[in-house]
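K.L.:
A single structure is presented below for examination.
FYI, it's all coordinate maths here, none of it is from the lab. These figures come from a predicted structure and were not determined experimentally. Cβ coordinates were reconstructed from backbone atoms using ideal geometry, including for glycine residues, and neighbour counts include every protein chain displayed.
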């Protein structure tokens, strides 16, 4: 379980803010965390709406790569 949490934190790139209450996260940070949790739960179905609208280019690329891997 701790390993999965560490992977989620790393994927979301929120390590510096992990002790900050989520209610203080920006909308982008909140979406990063939400997508990271979703992608690391091995979903049978993943609905993605605005995750790519708020992230920076590198995070968007990471998300698209993860989505393609789920499709394979």
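K.L.:
Looking at (1) under 17 Å from residue 8 (Cβ atoms); (2) assigned to a loop (DSSP other than H, G, I, E, B), can you tell me which one residue 47 breaks?
P.N.:
Every listed condition holds for residue 47 apart from (1).
K.L.:
Which condition does residue 52 not pass, out of (1) in a helix (DSSP H, G or I); (2) farther than 14 Å from residue 67 by Cβ, if it passes all the others?
P.N.:
(2)
K.L.:
Looking only at the range 7-33, which residues are exposed (fewer than 14 other Cβ atoms within 10 Å of the Cβ), without any contact (Cβ under 8 Å) to a residue 24 or more places away in the chain and under 12 Å from the mean Cα position of the chain (by Cα)?
P.N.:
10
K.L.:
I'm trying to understand the selection: among the residues of the range 18-50, which are farther than 15 Å from residue 63 by Cα and touching a helix residue (DSSP H, G or I) at 6+ places or on another chain (Cβ under 8 Å)?
P.N.:
18, 22, 25, 27
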